[in-house]
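Chemist: One structure, as structure tokens, below. Some questions next.
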Amino acid sequence: MKLVYFASVREAIGLSSEECDVPQDARSVGDLVAWISAGSQEHARALHDHSRLRFALDQEMVAVDALLGAAQELAIFPPVTGG
Amino acid sequence: MKVVRISNAPIEPASELAALAGLGGGALASFMGIVRDDKGVTAIELEHYPGMTEASLYSLIEAATARWSLLGAVVTHRVGIVPVGAPVVVVGAASLHRAEALEATAFLIDRLKTEAPFWKREHYADGTAQWVDAKASDDARAERWT
């Protein structure tokens, strides 16, 4: 799956996107984010607090408990601040 | 007429709204968001999620069109560096009578604030920059429309 990061999350991780092989036991967005967090200190710092993050699966906003299903892209970002 | 535009160049509000004025209705309402002169801010920088941004703004226009009788709506949002005093966003809605256009305009900007994937960073006179936090008051305004 392609992971994409924006704004403060992108800066904290130091990447705007990366590929990951989703582990079989990761069924929800939250499962996968927890697994990504374990990847490095930067990932852990950026992703530890799910309440400060928002998620989109294939460019649709979803909750942290949404199922990954066959999605190709997970975006992780802070709450939006446009307008 | 449903128009979504993401722009790296300065927004020209009059030309964004001109087409809406010619749709035969009696009402055109609009909102323009401007970079506020605030606490040493010199500019803001807007990042977005290309693809999702356009789709989410288009679906907001679709939702507004389903809810109110509109002749057309426009959402134009600037990205990149935007100096103090310059427009960041222009939203417009046209209808036969004013109530629909006024309400749809408020709906579009309130929901854009909490749903469209844009992120703002303030740049200060001393050369530093800081991401802007989302506001609970914006969530409250957006929830009025659910």
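The values are calculated or read from the model by the stated rules, or taken from the named source; none is laboratory data. In this text, all values refer to a predicted model and were calculated from it rather than measured experimentally. Positions of Cβ are backbone-derived with ideal geometry, glycine not excepted, and every protein chain shown enters the neighbour counts. Remember, those area values only see protein heavy atoms, side chains included, never the ligands or the DNA or RNA. Shrake-Rupley method; radii C 1.70, N 1.55, O 1.52, S 1.80 Å.
Chemist: Long-range amide H contacts for A:Gln59: which residues qualify at under 5 Å (H placed 1.01 Å from N, peptide plane, sequence gap of 5 or more or a different chain)?
Modeler: Under 5 Å from the amide H of A:Gln59 lie the amide H atoms of A:Ala75, each far enough along the sequence or on another chain.
Chemist: Still on this structure, I have one more. Select from B:Asn8, B:Ala99, B:Ala18 the residue farthest towards the positive end of the dipole of chain B; place +1 on Cβ of Lys and Arg, -1 on Cβ of Asp and Glu, and compute about the Cα centre.
Modeler: Most positive-ward Cα: B:Ala99.
Chemist: Under a point-charge model restricted to the Cβ atoms of Lys and Arg (+1) and Asp and Glu (-1), what is the dipole moment magnitude of region B:2-143 relative to its Cα centre, in debye to the nearest 20?
Modeler: Computed charge dipole of region B:2-143: roughly 240 debye.
Chemist: Can you give the net charge of the other residues whose Cβ lies under 9 Å from the Cβ of A:Met61, counting K and R as +1 and D and E as -1?
Modeler: -1
Chemist: Straight distance only, please: which lysines reach the Cα of B:Lys2 with their own Cα at less than 30 Å, same-chain residues fewer than 8 apart left out?
Modeler: Counting by Cα, and skipping residues close in sequence, B:Lys2 has these lysines nearby: B:Lys113, B:Lys120, B:Lys135.
Chemist: Jot down the radius of gyration and Dmax of region B:2-143, Cα atoms only, both in angstrom.
Modeler: 15.3, 50
Chemist: Calculate, in nm to one decimal, what B:Asp133 and B:Met1 gain on full extension: separation in residues at 0.36 nm each, minus their alpha carbon distance. Provide the component values of the computation, followed by the final result.
Modeler: Working: separation 132, 0.36 × 132 = 47.52 nm, distance 3.36 nm.
Gain on stretching B:Asp133 to B:Met1: 44.2 nm.
Chemist: So who's got an amide H within less than 5 Å of the one on B:Val79, skipping anything under 5 residues away but keeping other chains? H placed 1.01 Å off N, in plane.
Modeler: B:Ser7, B:Asn8
Chemist: A follow-up question, please. Based on the Cβ-Cβ distance of B:Ala99 and B:Arg36, what FRET efficiency does E = 1/(1 + (r/R0)^6) give at R0 = 41 Å, to the nearest 0.05?
Modeler: Values: r = 29 Å, r/R0 = 0.71.
Using R0 = 41 Å, I get an efficiency of 0.90.
Chemist: Once label points are set 7 Å from the Cα along Cα→Cβ at both A:Glu42 and B:Ala21, what is their separation, rounded to one decimal in nm?
Modeler: Using points 7 Å along Cα→Cβ, the separation is 5.0 nm.
Chemist: Counting only helical runs of four or more DSSP H residues, what would the 222 nm mean residue ellipticity of chain B come to if each run contributes -39,500 (n - 2.57) and the total is spread over all its residues?
Modeler: Value at 222 nm, helices only, nearest 500: -11000 deg cm²/dmol.
Chemist: Considering only DSSP states other than H, G, I, E and B, which trypsin sites (Lys or Arg not before Pro) in region B:45-146 qualify as loop sites with at most 10 other Cβ atoms within 10 Å?
Modeler: Values: sites: B:Arg67, B:Arg78, B:Arg98, B:Arg111, B:Lys113, B:Lys120, B:Arg121, B:Lys135, B:Arg141, B:Arg144; in loops: B:Lys135, B:Arg144.
Answer in residue order: B:Arg144.
Chemist: For peptide A:49-57, what's the mean number of Cβ atoms from other chains within 10 Å of each residue's Cβ?
Modeler: 1
Chemist: Using the alpha carbon gyration tensor of the protein assembly as shown, what are the three equivalent-ellipsoid semi-axes (square root of 5 times each eigenvalue), largest first, in whole Å? Don't jump to the answer; show the numbers that get you there.
Modeler: Details: eigenvalues 224, 95, 38 Å².
Value: 33, 22, 14 Å, ordered largest first.
Chemist: Mean 1/r over all different Cα pairs, inverted: what Kirkwood radius does chain A give, in Å? Working shown, then result.
Modeler: Details: mean 1/r = 0.0794 Å⁻¹.
The answer is 12.6 Å.
Chemist: For region B:10-87 and region A:1-20, write down the distance between their C-alpha centroids in whole Å.
Modeler: 27
Chemist: Tell me the total accessible area that A and B bury against each other, 1.4 angstrom probe, in square angstrom rounded to 100.
Modeler: The contact between B and A buries close to 1700 Å².
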